[in-house]
Amino acid sequence: MRTALLQSSGRPGSVVENLKVLDAAAGRAAAAGAGLLVTPELFLTGYAIGDDLGRLAEPADGDAADAVAETATRHGLAVAYGYPERDGDTVYNSVQLVSADGTRLANYRKTHLYGCFEREHFTPGERTVVQAELDGLTIGLMICYDVEFPENVRAHALAGTDLLLVPTAQLHPFQFVAESVVPVRAFENQMYIAYVNRVGREGEFEFVGLSTLAAPDGVARARAGRAEELVLADADPVLLAASRENNPYLLDRRPALYGSLV
């Protein structure tokens with residue numbers, strides 16, 4: 001499945017403008033043959049917008065979700081987008097996957113919040129593995145810091161995730177996560193990982209870009225630079241099956257030895 005990674009910080013503070021950026025990117029991605037478009041973390045609102053995160057947060061089935069579904073339907077591709085999710089008085093850092101016909105397939109709430117900023121504005125989610133089926137692939141959802149915990153990604157591997165989508169807001173000076181950690185996670189867990197970052201400076205934060213689609217052989221099939229960019233690469237189920245057959249990590253595990261980890 002051709003996957004498009006939208007590396008952009010959009011227009012922080014404006015859901016309306018970010019929906020326009022998303023729509024334009026969806027048009028370009030669809031024209032290039034993509035079946036899936038993935039945005040960065042908190043794309044619909046912006047990341048470093050303080051208390052506006054709570055003000056702009058919407059339910060998973062809110063007006064912004066309807067607008068994204070309309071964009072997906074009009075352009076004929078699935079969309080995974082980061083947004084602040086409101087559930088009553090609680091706000092989560094979430095990502096939602098919408099199919100090409102506008103159906104909401106899956107919604108994930110970030111389980112590992114990074115730093116004081118996120119802990120001040122969000123409640124952590126409690127469900128580690130969230131998946132959906134899309135065009136013959138099992139899609140998993142995760143957000144940024146979550147992928148830096150090996151247990152998280154291994155849980156997805158054991159649950160059969162083929163393509164793990166990771167909207168992110170990766171900061172300077174931690175670019176080694178995009179450059180090294182993500183490809184290693186893809187290799188050791190035998191899956192594709194789409195790691196899609198914000199870029200540039202927002203308030204006190206500087207985002208490093210370097211969005212990537214890493215393959216199960218540990219090779220980056222696409223790699224963005226440090227500017228706004230739309231990059232595309234294929235998540236190939238044939239390569240995935242061959243890689244899993246040749247790499248015995250998951251088969252050679254000895255879970256009885258790992259009890260002390262939990």
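The values are calculated or read from the model by the stated rules, or taken from the named source; none is laboratory data. Since the model is a prediction, treat every value here as computed from it, not as a measurement. Please note: Cβ atoms are built from the backbone with ideal geometry, for glycine as well, and neighbour counts cover all protein chains shown. These accessible areas exclude ligands, DNA and RNA; they are computed on the full protein's heavy atoms, side chains included. Shrake-Rupley method; radii C 1.70, N 1.55, O 1.52, S 1.80 Å.
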Item to complete: Determine if segment 201-221 includes at least one residue that is of a type in the set (Phe, Trp, Tyr), more than 24 Å from Gly50 (Cα to Cα) and surrounded by fewer than 22 Cβ atoms within 10 Å (Cβ to Cβ).
Response: no
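How many residues are free of Cβ contacts under 8 Å to residues at least 60 places away in the same chain and of a type in the set (Gly, Ala, Ser) when one looks only at segment 1-32?
Looking only at that region, the number is 8.
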Practice prompt. Return the total of residues in segment 51-80 being of a type outside the set (A, V, I, L, M) and open to solvent by less than 20 Å² (accessible area, probe 1.4 Å).
Written response: 2
Worksheet entry | Unmet requirement for Ala222, which otherwise passes all of (1) of a type outside the set (Phe, Trp, Tyr); (2) in a loop (DSSP other than H, G, I, E, B); (3) more than 21 Å from Thr111 (Cα to Cα) | (2)
Discussion item. I need every pair where a residue in segment 150-177 that is of a type in the set (Phe, Trp, Tyr) has its Cβ under 6 Å from the Cβ of a residue that is surrounded by fewer than 20 Cβ atoms within 10 Å (Cβ to Cβ), sequence separation at least 6 or different chains.
Written reply: none
